[in-house]
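Reviewing the structure listed below.
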Amino acid sequence: MSHPTLDLKRASLALRRALDQTVKPFHFTAGQFDVLQLLMHEDGIEHRELQRRLNIVSPTLTNILDVLERNGHIVRRSESNDGRLKTIHLTDAARSLCASEAFCKAGESLVAQMFRGFTENERRDFLRYLRRVEVNLDEVTGS
């Protein structure tokens, strides 16, 4: 017998392992990919907001950003008089890589594998239920 919290955790860990495998040929980790994905959709996110959205501690995010910056994928910018407040931006090189055919195909393949055997309606319903679970659980923490 299992518990729903463990089932969800196992699915999340399986996704993390599959994502690591998918982005490895591009010399990224799953954590780095998460940052890139967020920035592809909303460039210029403040460090603290990126940390909140990824639900990781600041030192972990700093390490991820250090590697991405060293490899030419992101730049940090001070956007105000407070030098401690930094926004994170994709470089043109990273944006091109993330939009490349090979990168997109790899992502599409992972999503196809994740939803293998699902009908389009099941997929849509699953994502709707998953968002509902997220909202319900956020009520516990007030997030």
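Overview of values
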| quantity | calculated |
| --- | --- |
| Pick from the stretch 103-143, criterion of a type in the set (Gly, Ala, Ser) and free of Cβ contacts under 8 Å to residues at least 60 places away in the same chain, ranking: farthest from Leu36 (Cα to Cα) | Gly117 |
| Residue in the stretch 90-97 that is surrounded by 12 or more Cβ atoms within 10 Å (Cβ to Cβ), touching a residue at least 60 places away in the same chain (Cβ under 8 Å) and not acidic (Asp, Glu) present | yes |
| Failed item in (1) within 22 Å of Arg53 (Cα to Cα); (2) modelled with pLDDT of 95 or more; (3) among the hydrophobic types (A, V, I, L, M, F, W, C), with Leu137 passing the rest | (2) |
| Boolean, Ala102 is among the small types (Gly, Ala, Ser) and surrounded by 15 or more Cβ atoms within 10 Å (Cβ to Cβ) | no |
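The values are calculated or read from the model by the stated rules, or taken from the named source; none is laboratory data. Model, not experiment: these values are computed from the prediction. Cβ atoms come from the backbone with ideal geometry, glycine included; neighbour counts cover every protein chain shown.
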